[in-house]
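These notes are about the structure you will find just below.
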Amino acid sequence: GTQSPLRGTRSDLTSNAGAASISRRLGADAAARAAEPAAAPAREKPAPAPFMLGKDRVVERKAEPTGAERLADAIAKYDGIKARTLDWLLKLIDGMYKGKGGSDDMRAKGSPPQEPLPLVDYMFQHLAGIYGTRDLVNQYAAQVVATVKAYVKVDARVALFNRFLTESLPRKVLVVYLDAAKKLGEPARLPCCDFPPEWAPKKGGPPCADVRKCLWVADKVLMRRHTKTAYTFAAALAVKGEPVTDAELTQYFVAPGYYGPDVAQMRDYERGRAEFRRITAVTFLEALCDEYLRCEGVYLDLLPGLFKKWDTDEDSLMQRADLGPMFSYMAPQGTAPEEIAQEAQTFWETALKLENEGIMGGLEKLGVNLLGSNSGLPDNSGRPATASMMIGIKAFMEAAQRCDFIRAYVRLHKTPPARVRVENSDEEQVKLLLQVLISRHWEMHGPALAARFKQAGATEPQLVAQVVVMERERDGARKALALHGLLKMMIGRKLDRLVAQLSPDSLSSAVDPDFEDALTRLTTAVKVLYGCNAILVEDLIEAPSWSSSASAVVQRERQRQVAQVMAVYSTIRGLMKEYALAFISSHDKVRYWLAKWHAKGQRRAGAKSARALNKEVQPERESDPGDEYALVQNSPIDLPAAGGASPEGSGGGAIAIPTTAEGLIRSRPASGVVRQDS
């Protein structure tokens, strides 16, 4: 339930707090209008313009269905269609890849530049260029899906195409794949075995490539990386490859820039440096896609830290003056100052545009038009009323994903090598178990959980994005962390709602009838997130000592985890204690029932003591953790009873209020079962 120190830049523009957070950038009048309730509904997407056929005939244009919708209709219409051969499918996939690369280049060079089409949309374009009519294209599209299902477990090329078609791999990974496949088919620019694009050791098998050439392609696509990172990737490829025979080496070895006897001399030299090995192209490209995803994950994880490091005034907003030192520090040695300044200016313009677009989108949801005549801002301001001169963490991260200058620095200096995977190791088994567990858990409970996203307000897009990250993650540990982050966001949202219900304005009127149920569900969610017993203080204090066989590193890691849980719990406990005392001191009935509850606890304690004496057992302890009404530590606070007189059994008006965590949360019985209190 803790919140990031970078939170609060533009997280919720539809609330009063979100509107106040942009006051520094919009001015007092604009912020005041943003804080007011929405006066007009949000703008709706304009309907398609009607198509005029004549004076009296008007036909509304129908929206073109997306490729995914069209494919779903085709599969439903041609259900049970017969699959075709594997050779037909592989030729069609190869043609689609080649055409998709050219289509992406044309869209990128257009005015304005456009994003690449999804593969499923381009598949219909490709089939339309071959077969023509719409019905025939839909039929062949359904046949492609049927053939993919038939051979997805037989051929690795079909399996990778299926991942791109269903977008289980992001679209940017497909762009990297097409770029690498194009470079792999070009003539080699270094000494290696340059096999023809369609060459395979066995007829009909997948094409192969030299590992040396594959590493050169990886350096071009993934950028320059640290020596250890590149070496680990090269070792992983070499393990998957096979030795090149002498006949293949003699026939296909090339050394650009060398001729005649020098080629043989270079071949002998390269053979002495390292063994020549070949690997299937699809194996290399699949490994390249996984490495790209890993490097991009490291890049995205480091961006918040970079923002915090170069935010000099620590106000969660970055100015133009902060970018100059950052880009100078990240620039490779020998880079011209003019080039550094140009890169910083380009990044600033991109981030500033994204920041202003986000502000305008948030204000449009409120129905506020700051550019109109009633904006209250001077007309001669010299710039648009919503123009911002600072950027937040969200705009910084979006702009950084488009900036290769920062990416090159992170690749070279901050990207660690991939961990070598050891088959059947304990760590790999745990990761596989986590992946299966999280996948099945989300399959069972995901729809019910996602149905509540609409109640999260402005947090809904963040929750949806977190679900997408979790579903696409293939590593079990990172998948579990993604689910942990999702639950943590929802708990934070629920805690914000409970805090709002405990505000002085809410307490002055009737208490929300759903408050108790919401508090119970929040407590259960926190226990699920951090462990059923780890959130309870007495469990942490009375935890058994760590095993003597555990190493010092393991003991320090466990102690660090305990300290983290304690810090999170202390934050929640402090808030709950503050609001509980304020709630108790302002309600007469609460004081009355609290006194009655205290008297009942004393009677129970006396009855227990009498039973203990009758049974001749040990005397009763001062506080029994098994009694749900026991007070672990009593700090008497004198509160006047209702009507100036103390209720019956209240102990003369002095009420013992528990001020420790044990008295404010549900205590754990000695048997280890968590019992609910009032």
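The values are calculated or read from the model by the stated rules, or taken from the named source; none is laboratory data. Remember, it's a predicted structure, so these values are computed and weren't measured experimentally. With ideal geometry, Cβ positions are generated from the backbone for all residues, glycine too; neighbour counts draw on all protein chains shown. SASA here: full protein model, heavy atoms, side chains in, ligands and nucleic acids out. Shrake-Rupley method; radii C 1.70, N 1.55, O 1.52, S 1.80 Å.
Here the stretch 202-221 is scanned for amide nitrogen atoms under 15 Å from the site 7 Å beyond the Cα of Asp87 along Cα-to-Cβ, giving 203-206.
Restricting the calculation to alpha carbons of the stretch 178-297 gives Rg and Dmax of 14.2, 47 angstrom.
Fully extending the segment from Asp135 to Arg474, taken as 0.36 nm per residue of separation minus the present Cα-Cα distance, adds 118.3 nm. A 1.4 Å probe over all protein chains sorts Leu127, Leu432 by accessible area into Leu432, Leu127, starting with the largest.
Given R₀ = 22 Å, what would the calculated FRET efficiency be for Asp121 paired with Ala458, taking r from the Cβ atoms and rounding to 0.05?
Working: r = 31 Å, r/R0 = 1.39.
Given R0 = 22 Å and the Cβ-Cβ separation, E is 0.10.
Looking at this model, which pairs from Lys308/Lys494; Lys149/Lys454; Lys98/Lys202; Lys82/Lys220; Lys153/Lys202; Lys149/Lys183 are more than 31 angstrom apart at the alpha-carbon? If you can, show how the numbers build up before the last one.
Numbers: Lys308/Lys494 27 Å; Lys149/Lys454 35 Å; Lys98/Lys202 24 Å; Lys82/Lys220 42 Å; Lys153/Lys202 20 Å; Lys149/Lys183 29 Å.
The pairs that break the limit, which is 31 Å between Cα atoms, are Lys149/Lys454; Lys82/Lys220.
Report the extension gain between Thr520 and His441 in nm, rounded to one decimal, defined as 0.36 nm multiplied by the number of residues separating them, less their alpha carbon distance.
On the way: separation 79, 0.36 × 79 = 28.44 nm, distance 2.22 nm.
Length difference between fully extended and current span is 26.2 nm.
Between Asp404 and Leu432, the modelled label-to-label distance comes to 3.9 nm, taking each label 7 Å out from Cα in the direction of the beta carbon.
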